[in-house]
Amino acid sequence: MNDIPVKVEDLGKRYRINASENRSRTLGRTLLDALTSPFSYLRNSLSEPSAAQTLWALRHVSFEVKRGEILGVLGQNGAGKSTLLRILSKITLPTEGQANVYGRVGSLLQVGTGFNYELTGRENIYLNGTILGMKKKEVDQKFEEIVEFSGVRAFIDNPIKRYSSGMIVRLGFSVAIFLKPDVLLVDEVLSVGDAAFRQKSLEKVYELVNEGCSVVFVSHDLFMIQRLCKRAILLEAGKVIEDTDISVMIEHYLSRITNILAPGDWLDLATGHHQGSGDVRFVRISYRSGNAGLNDQAYPDGPLEFLLEVEARIARTISGVSVSLFDLSGFRLINAGTIRDLPLQPGVNSIRIMIHSLHLNPGTYLMALWLVGPAEVLLDQILSAAYINVVPKIEPTMIDINPYHDKVTSHVDVSLVEVHRQSP
Amino acid sequence: MPNESKRENAINAVTSGVIIAPLKGWTQLGLRDVWEYRDLIWSFTARNFRIRYRQMALGPLWSILSPLIDMVIFSTIFGGLAKLPSDGVPYSIFAYTALIPWGYFSGVTNGAAGSLVSEMDVISKIYFPRLVIPFSNVLSLLFDTVISLLILLGMAFYYHFPFTWRLLLMPFYLALAALAGLGIGLWLATLAVRYRDVRNLAGYGLQIMKFATPVVYSASLIPEKWQALYRLNPMYWVVEGFRWIFLGTGQAPSLMIGISGILAVLIFVTGMYVFQRTERTIVDWL
């Protein structure tokens, strides 16, 4: 029994950048080189590749995962997350350092790898199970559970080429999860499949964790990690730059967000990143909740009023305008607006969008703007205009009641959109 | 509670820790790892077998037909036109007896040589001892070979060749062919990862080796002074051994087969070693 099933020490992985050149080498060419100029050939093949030719995908990476812990590994694309997973799952070896992994490693990175579409579900369970390192006997024992969990019992003796892609994923996932791993490597694979199966899978992962399985969960999404992990490491350019509590990491992340729009302030959109034809453009925006006690800040279930100013070059009709709010992991939670025709006058017009009841938890949200003409012609769009804060309405001691925890908002009330001709 | 104790057992059953670290110096051949995954060898074998025998009837049919077709061609050209000596037995059965073990050997060689590339999809995503792939190929090819052998037995019966106790030695010869094929194939697989032209060269290499083995002609054609070198080739012994078993001609095993066998083992062990070193970083190369 080991209390630290995963112990990574000073791990490094170096890749050659000019790998393509190496790859295209032929044996004939190599022999020719070796024969015609043996000395330079020897020198080239013996010397270490220079720094310019190589890239450290990972360097000096150290961390531990305790028994029954879920560790989040956070990083942008190219930060070294997949290299780390490849090393932990033994697909490739590190260049330096070492990773000590105790027990059986399961991975939900590529469920269903090795499935053969000509074979039946039953045959594929055995094939996939043994690829993952199970004995045939173990698969025998778990066969019923796997079939039950996957929900493809009716088709178990049909070739999986007749399965839907969802069924194949479920089958692959079921095999992987019943491997009973001591260490489980998880990518964003949990976002695969339908919601019900996803929930079931997540519960199964937690069940494994409660039994002592350690999980390394990799994501580029801080808030995805927040939902699963207490501790996370942050990878940047192959190095661990943070290894801390997830709440601390979120604090750091939020502190880097600077463009939070205060209620009542006007945000100048002229410099924002616009998309669309530009015949009508967003000029500036402001919002307020009308609650003086909260200084007009937005709050859960409260009203929220957006004031938009758009500039039209000529008199024309627009057929849709909206303000969207995204959570920090990029889910669109609110889309408030209209697809009703609105006639605009030349010059600056002001539009009011009123949300009667804002179904959002306290937090920070990203605001995006959208404006189309007839036939859905995109006139203007700003994907990340600014952030706005939603604050708790009541005493801070009560905020842990999160009514919209599952992020599914029922509906958004939008008032009629009013259009004014701005007085010059 | 019972669940928990089961869990403890499961953890205790797992052999301690795995250290994932760069390869340094000589490492083990990884045979224990392969043994751990022996059920996977069987899985791959069953898969190959099922796909071939379920999907297209022509697949297995071809592998049985191909030595038969070769036999007809060689009988016509070498036996009929060139009138190559065939140790006094009908040329067709003389050639067919050699073509079966040769086909097995070249199948094992090609299978091993292409093993890293053919299973790339799985290799790049999951770790398992890669040696499992060529090993399971050795087993899958055995099915075809056994069917071909049944045809050979029929032919031997037709031509009134007696069945003797020598038949019991056949598995030994097939094992020698598999050993040599695996050794050469593993070397080729390793080189093919680094050098693109190896696959083409390998085709010619096998061709040359086929003619350096008494498959289509009698070994008696080789001058005496070259015989010692000629008999280093393990496939010489396999092919001549098959003839010795089925036709009573060919070459009975002698001391020299030991030397040739040692050579095969040497190629096999070094092949395993270089393959083992490549497999751990192969995804970085492809």
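Annotations
- One residue alone among A:364, A:338 is within 31 Å of the chain's Cα centre (by Cα), surrounded by 17 or more Cβ atoms within 10 Å (Cβ to Cβ) and touching a residue at least 60 places away in the same chain (Cβ under 8 Å), and that residue is A:338.
- Flag for residue B:270 being at pLDDT below 85 and more than 26 Å from residue B:73 (Cα to Cα): no
- Hits in segment B:245-286 - residues which are of a type in the set (Lys, Arg) and either more than 14 Å from chain A (Cβ to nearest Cβ) or part of a helix (DSSP H, G or I) (or both): B:277
- Which listed residue is within 19 Å of residue A:205 (Cβ to Cβ) and assigned by TED's automatic domain parsing to the domain that holds residue A:57, from A:143, A:155, A:115, A:149: A:149
- Test: residue in segment B:275-286 that is within 15 Å of the chain's Cα centre (by Cα) and closer than 15 Å to residue B:112 by Cα: no
- The set of residues from segment B:86-130 being within 14 Å of another protein chain (Cβ to nearest Cβ) and aliphatic (A, V, I, L, M) comprises B:113, B:116, B:117, B:120, B:122, B:123, B:126.
- Residues in segment A:329-353 that are closer than 15 Å to residue A:370 by Cα, outside any strand (DSSP E or B) and not acidic (Asp, Glu): 2 in all.
- Residue in segment A:281-295 that is surrounded by the fewest Cβ atoms within 10 Å (Cβ to Cβ), counting only those that are aliphatic (A, V, I, L, M) and at pLDDT 90 or above: A:283
Condition check ((1) under 30 Å from residue B:127 (Cβ atoms); (2) in contact (Cβ under 8 Å) with a residue 12 or more places away in the chain; (3) in a helix (DSSP H, G or I); (4) touching a Gly at 6+ places or on another chain (Cβ under 8 Å)) across all residues:
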site: B:32; (1), (2), (3), (4): yes, no, yes, no
site: B:39; (1), (2), (3), (4): yes, no, yes, no
site: B:50; (1), (2), (3), (4): yes, no, yes, no
site: B:68; (1), (2), (3), (4): no, yes, yes, no
site: B:73; (1), (2), (3), (4): no, no, yes, no
site: B:87; (1), (2), (3), (4): no, yes, no, yes
site: B:100; (1), (2), (3), (4): no, yes, yes, no
site: B:106; (1), (2), (3), (4): yes, yes, yes, yes
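- In segment A:192-221, the qualifying residues are those that are in contact (Cβ under 8 Å) with a residue 60 or more places away in the chain and surrounded by 21 or more Cβ atoms within 10 Å (Cβ to Cβ), and the one that is nearest to residue A:182 (Cα to Cα) is A:213.
- In the set B:226, B:187, only one residue is assigned to a helix (DSSP H, G or I), within 30 Å of residue B:71 (Cα to Cα) and touching a residue at least 12 places away in the same chain (Cβ under 8 Å); that residue is B:187.
- Apart from one condition, residue A:315 fits all of (1) among the hydrophobic types (A, V, I, L, M, F, W, C); (2) under 18 Å from residue A:274 (Cα atoms); (3) over 27 Å from the mean Cα position of the chain (by Cα); the exception is (2).
- Criterion (within 12 Å of chain B (Cβ to nearest Cβ) and part of a helix (DSSP H, G or I)) met by exactly one of A:138, A:144: A:138
- The set of residues in segment A:98-122 that are within 7 Å of another protein chain (Cβ to nearest Cβ), outside any loop (DSSP other than H, G, I, E, B) and either surrounded by fewer than 22 Cβ atoms within 10 Å (Cβ to Cβ) or in contact with a Phe, Trp or Tyr (Cβ under 6 Å, 6 or more places away or on another chain) (or both) comprises A:98, A:100.
- When segment A:48-97 is filtered for residues that are surrounded by fewer than 17 Cβ atoms within 10 Å (Cβ to Cβ), at positive phi and either free of Cβ contacts under 8 Å to residues at least 40 places away in the same chain or not in a strand (DSSP E or B) (or both), the ones remaining, listed by number, are A:68, A:78.
- Breaking point among (1) touching a residue at least 40 places away in the same chain (Cβ under 8 Å); (2) not polar (S, T, N, Q); (3) not in a loop (DSSP other than H, G, I, E, B), for residue B:130: (3)
- Residues of segment B:115-139 that turn out to be within 23 Å of residue B:101 (Cβ to Cβ) and surrounded by fewer than 22 Cβ atoms within 10 Å (Cβ to Cβ), as a count: 1
- Selection from segment A:147-181 of residues that are touching a strand residue (DSSP E or B) at 6+ places or on another chain (Cβ under 9 Å), at pLDDT below 90 and outside any helix (DSSP H, G or I): A:179, A:180, A:181
- Evaluation of residue A:251 against (1) over 17 Å from residue A:388 (Cα atoms); (2) assigned to a helix (DSSP H, G or I) (one fails), failing number: (1)
- Residue A:262 in a loop (DSSP other than H, G, I, E, B), more than 23 Å from residue A:5 (Cα to Cα) and not charged (D, E, K, R): yes
The values are calculated or read from the model by the stated rules, or taken from the named source; none is laboratory data. As the structure is a computational prediction, the values presented were derived from the model and not from experiment. So basically every Cβ, Gly included, is an ideal-geometry build from the backbone, and we count neighbours across all protein chains shown.
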